[in-house]
Amino acid sequence: MRRGFLGIDVGSISTNVVFLDGNKNLLFESYARVGGNPIDSVKARLKELASLMREKEMEVGALCTTGSGRQLVGVLLGADVVKNEISAHARAAVELHPDVRTIIEIGGQDSKVIIIENGMVVDFAMNLVCAAGTGSFLDSQARRLDITIEELSRRSILSKHPTAIAARCTVFSESDMISKQQMGHAQEDIIMGLCHALARNFIGNVARGKQLCSPVLLQGGVSANLGILRAFENALGCKVIVPRHHMVMGAYGAALLAMETDIDKSRFRGADIWAHHIHTQSVNCEDCPNNCEIIEIIDTGEVVGRTGGRCGKW
Amino acid sequence: MKERLAIPNLGNYTIALAAMVDGMGAQPWWSTYTDDHAMALGIAAAPESVCLPFKAHLGHFIAADDAGVENAMMVNSVGACRLNYYRGMLEDILKDMGRKIRVFGLGFDGLKPPIFRYLDPPIIPLLRCVAVGLEKVKAIDTIETQTAYTRAREINTGETSLLMECCLRELTQIKTKKDVRLFHQDLSRRFASVAIDKSRSPLRIALIGEVSLLRDRQLNQNLEQILGHQGVETKNFFLLGGEIGNTFGISMGYKKQTAKQLALIAKPYLGCEVGGHARDSVAHTINCAKAGFDAMVHVCPAGCMPEVSIRPILQRVSQDLDIPILEMSFDEHTCSLGVATRVEAFLDILKSRRQRTKIRRFA
């Protein structure tokens with residue numbers, strides 16, 4: 001059996017899976033929307049992966065999870081490494097573009113800027129409570145305009161005269177957008193205006209006070225949006241590169257990190273897990289006044305792991 | 001039946017404050033952290049844009065009122081911070097809500113602080129209790145520093161935190177100064193019983209920022225423990241012993257540089273007082289950079305005037321002296337996952353920095 005390396009990025013909007021062979025060749029990549037249930041989503045991806053692994057006669061040598069659901073899925077699958085998404089994204093970017101200086105990563109719920117010097121992360125920033133620069137905002141606007149997110153991307157670049165749209169919080173942007181619609185601006189112009197607003201908001205809020213040097217990489221789910229790409233190039237005044245596996249960079253980075261761990265035997269509980277009946281339940285730990293809520297992960301009637309709690313006991 | 005007196009949360013130091021209040025002839029009502037329930041009460045009652053510590057104090061006092069506590073006390077800080085007015089604001093908000101609890105200031109307006117005028121404690125027992133309280137402050141300083149050292153090196157994660165809890169519980173029960181002393185002397189033996197890996201050279205990170213956030217683990221989402229469990233030795237710059245020692249000019253075990261000394265250090269970057277401990281934070285950062293700390297974490301309540309105003313200054317210090325600073329802003333919307341992600345990514349940066357300097361040294 002040959003060893004492969006698995007990276008899983010469980011984000012707020014999508015679950016991404018990347019499977020690499022020992023030579024860093026990408027054998028499997030999948031980007032899929034979570035749809036509110038990260039466990040089922042991971043199971044569905046694993047089902048596809050399991051058949052591929054059987055076909056190629058491979059096993060999982062190491063597993064790394066990342067993204068906001070990294071703890072839960074890490075416990076569920078038996079991850080060898082649980083890594084934050086900032087390090088995972090940076091790892092992937094440096095692999096594909098060793099000279100990268102700035103990474104703009106925009107996901108479903110949060111957006112980050114990562115500053116890199118000589119292949120090492122030296123600084124980063126993440127949006128705080130503001131969602132105006134993230135994918136979920138674009139999602140909701142596409143829904144409001146009654147077009148798909150792919151169509152939003154296609155139509156944005158047709159715009160000749162982008163409308164000026166307030167780049168502050170989503171609420172202001174949205175009301176500004178509605179008024180521009182009612183003033184008779186063309187839909188393409190409004191969409192492109194929105195992209196400009198998002199890019200400006202990102203540079204003004206998330207990347208505030210940071211020097212964004214070229215080469216700049218744009219990755220994360222929103223990087224598929226051509227309007228956003230153009231808006232960033234416009235705002236930064238330089239070329240913005242969208243790397244090859246831009247949609248699954250987090251998972252790709254996680255797989256690379258898994259490969260770099262020096263372990264003999266992975267704790268991975270097997271790709272067949274997709275067939276198991278898995279559910280979670282929450283219990284209150286009453287050992288101290290903190291009264292933490294603990295999530296128990298139950299795999300066919302047996303507790304396989306727990307997450308949560310402040311003291312590290314679980 | 002003695003009247004009860006709610007005291008503001010100051011992390012574990014509240015244990016010592018409670019001992020002092022005992023001597024005032026009132027029964028203390030206190031906790032070492034603001035619990036979820038009190039927090040929710042405070043958030044609902046306070047103006048939305050006010051800082052998190054204010055909401056915590058307000059919630060704490062509302063919960064006290066619900067429990068039938070008659071009095072509360074609050075510091076009147078001197079300086080340029082809004083905290084100056086917080087006692088008055090707390091009082092007004094509680095009054096508007098129709099709450100019966102009375103809020104006393106600790107500041108001096110006349111010969112005695114108002115709280116002493118009201119309770120009028122006999123002087124000898126008061127002094128005795130203050131002495132016990134001060135002794136407890138010293139012991140807590142030791143517990144905090146010992147915990148930070150041991151937790152970063154412990155072999156079984158969580159052991160030190162449990163020992164700390166256990167020590168604090170015991171300390172709460174101790175009544176006399178002599179017993180506190182004995183307890184204090186025994187601390188180093190107890191912490192030595194935790195199995196540690198002496199060969200480890202953990203990352204050293206200093207915590208600076210606003211006092212309540214540094215000390216109330218509910219407000220800072222248990223930041224110090226999160227760092228400790230990832231093998232980081234933290235230095236928390238709020239040690240009450242040092243503060244009291246400087247304010248009253250007495251020896252309290254842990255020495256802190258005086259405000260004057262710190263002002264001199266901070267002067268190239270910040271020439272005036274901006275309130276709270278903000279100027280001290282700038283000076284501490286400069287000191288830590290020179291003392292070879294790996295990084296600083298600046299905790300700051302969203303909207304805190306002094307701490308927010310030194311942010312750009314800290315950024316400059318960070319560039320000039322090459323010491324990374326993680327800015328953490330806390331309000332009631334801060335989610336623990338965001339804190340964990342930032343901390344983890346920051347630690348990754350620090351580890352790779354260490355590796356690079358090592359390579360440079362051998363090259």
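Tabulated data
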{"item": "Residues located in segment A:141-182, provided they are out of contact with any helix residue (DSSP H, G or I) (no Cβ under 8 Å at 6 or more places or on another chain), within 29 Å of A:R208 (Cβ to Cβ) and part of a helix (DSSP H, G or I)", "result": "A:V171, A:F172, A:S175, A:D176, A:I178, A:S179"}
{"item": "Helices (runs of 4 or more DSSP H) enclosed by segment B:1-77 - at least 2 residues per element that are of a type in the set (D, E)", "result": "B:52-66"}
{"item": "Residue match in segment A:48-55 (condition: over 30 Å from A:A199 (Cβ atoms), assigned to a strand (DSSP E or B) and hydrophobic (A, V, I, L, M, F, W, C))", "result": "no"}
{"item": "Out of A:V122, A:V73, A:V100, sole residue that is on the phi < 0 side of the Ramachandran plot, part of a loop (DSSP other than H, G, I, E, B) and of a type in the set (V, I, T)", "result": "A:V100"}
{"item": "Selection within segment A:206-237 - more than 21 Å from the chain's Cα centre (by Cα) and of a type in the set (S, T, N, Q)", "result": "A:Q211, A:S214, A:N234"}
{"item": "Answer residue from segment A:80-111, given it is within 12 Å of A:S68 (Cβ to Cβ) and outside the structural domain of A:C64 (by TED's automatic domain parsing) and is nearest to the chain's Cα centre (by Cα) among those", "result": "A:G107"}
{"item": "Failed item, numbered, when A:D272 is tested on (1) in contact with a strand residue (DSSP E or B) (Cβ under 7 Å, 6 or more places away or on another chain); (2) in a helix (DSSP H, G or I); (3) closer than 20 Å to A:L72 by Cα; (4) acidic (D, E)", "result": "(1)"}
{"item": "Yes/no for A:I115 being touching a Cys at 6+ places or on another chain (Cβ under 9 Å), among the aliphatic types (A, V, I, L, M), at pLDDT 90 or above and not in a loop (DSSP other than H, G, I, E, B)", "result": "yes"}
{"item": "Those residues of segment B:314-346 which are small (G, A, S) and at the interface with another protein chain (Cβ under 9 Å from one of its Cβ atoms), in sequence order", "result": "B:S329, B:S336, B:G338, B:A340, B:A345"}
{"item": "Hey, B:A148 outside any strand (DSSP E or B), in contact (Cβ under 8 Å) with a residue 24 or more places away in the chain, touching a Ser or Thr at 6+ places or on another chain (Cβ under 9 Å) and of a type in the set (G, A, S) or not", "result": "yes"}
{"item": "Of the criteria (1) assigned to a loop (DSSP other than H, G, I, E, B); (2) within 22 Å of B:K2 (Cα to Cα); (3) at pLDDT 85 or above, which one B:P121 fails", "result": "(3)"}
{"item": "Some residue of segment B:127-148 being within 14 Å of chain A (Cβ to nearest Cβ) and either surrounded by 15 or more Cβ atoms within 10 Å (Cβ to Cβ) or polar (S, T, N, Q) (or both)", "result": "yes"}
{"item": "Verdict on A:I165 being on the phi < 0 side of the Ramachandran plot, at pLDDT 85 or above and away from chain B (no Cβ under 14 Å)", "result": "no"}
{"item": "Complete set of residues in segment B:224-237 that are surrounded by fewer than 24 Cβ atoms within 10 Å (Cβ to Cβ) and either of a type in the set (V, I, T) or in contact (Cβ under 8 Å) with a residue 60 or more places away in the chain (or both)", "result": "B:Q225, B:I226, B:L227, B:H229, B:Q230, B:G231, B:V232, B:E233, B:K235, B:N236"}
{"item": "Odd one out for A:K210, checked against (1) more than 22 Å from A:A125 (Cα to Cα); (2) charged (D, E, K, R); (3) not in a helix (DSSP H, G or I)", "result": "(1)"}
{"item": "Index of the failed condition, B:D197 passing every other in (1) under 17 Å from B:G228 (Cβ atoms); (2) touching a strand residue (DSSP E or B) at 6+ places or on another chain (Cβ under 6 Å); (3) away from every other protein chain (no Cβ under 14 Å)", "result": "(2)"}
{"item": "Counted residues, segment B:347-361 - those being crowded, with 18+ Cβ neighbours inside 10 Å, facing chain A (nearest Cβ under 8 Å) and not β-branched (V, I, T)", "result": "2"}
{"item": "Residue ID - nearest to B:M20 (Cα to Cα), chosen from residues in segment B:76-117 that are at pLDDT 90 or above and surrounded by fewer than 16 Cβ atoms within 10 Å (Cβ to Cβ)", "result": "B:K100"}
{"item": "Residue check, A:E29 in the same structural domain as A:R91 (by TED's automatic domain parsing) and surrounded by 13 or more Cβ atoms within 10 Å (Cβ to Cβ)", "result": "yes"}
{"item": "Failed item, numbered, when A:S41 is tested on (1) buried (at least 24 other Cβ atoms within 10 Å of the Cβ); (2) in contact with a Ser or Thr (Cβ under 8 Å, 6 or more places away or on another chain); (3) in a helix (DSSP H, G or I)", "result": "(1)"}
{"item": "Residue match in segment B:288-308 (condition: facing chain A (nearest Cβ under 10 Å), among the charged types (D, E, K, R) and on the phi < 0 side of the Ramachandran plot)", "result": "no"}
{"item": "Among (1) without any contact (Cβ under 8 Å) to a residue 60 or more places away in the chain; (2) under 27 Å from A:V121 (Cβ atoms), the one test that A:S41 misses", "result": "(2)"}
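The values are calculated or read from the model by the stated rules, or taken from the named source; none is laboratory data. The shown structure was predicted, so the numbers you read here are calculated from the model rather than taken from an experiment. When we count neighbours, we look across all protein chains shown, and the Cβ atoms used for this are built from the backbone with ideal geometry, even at glycine.
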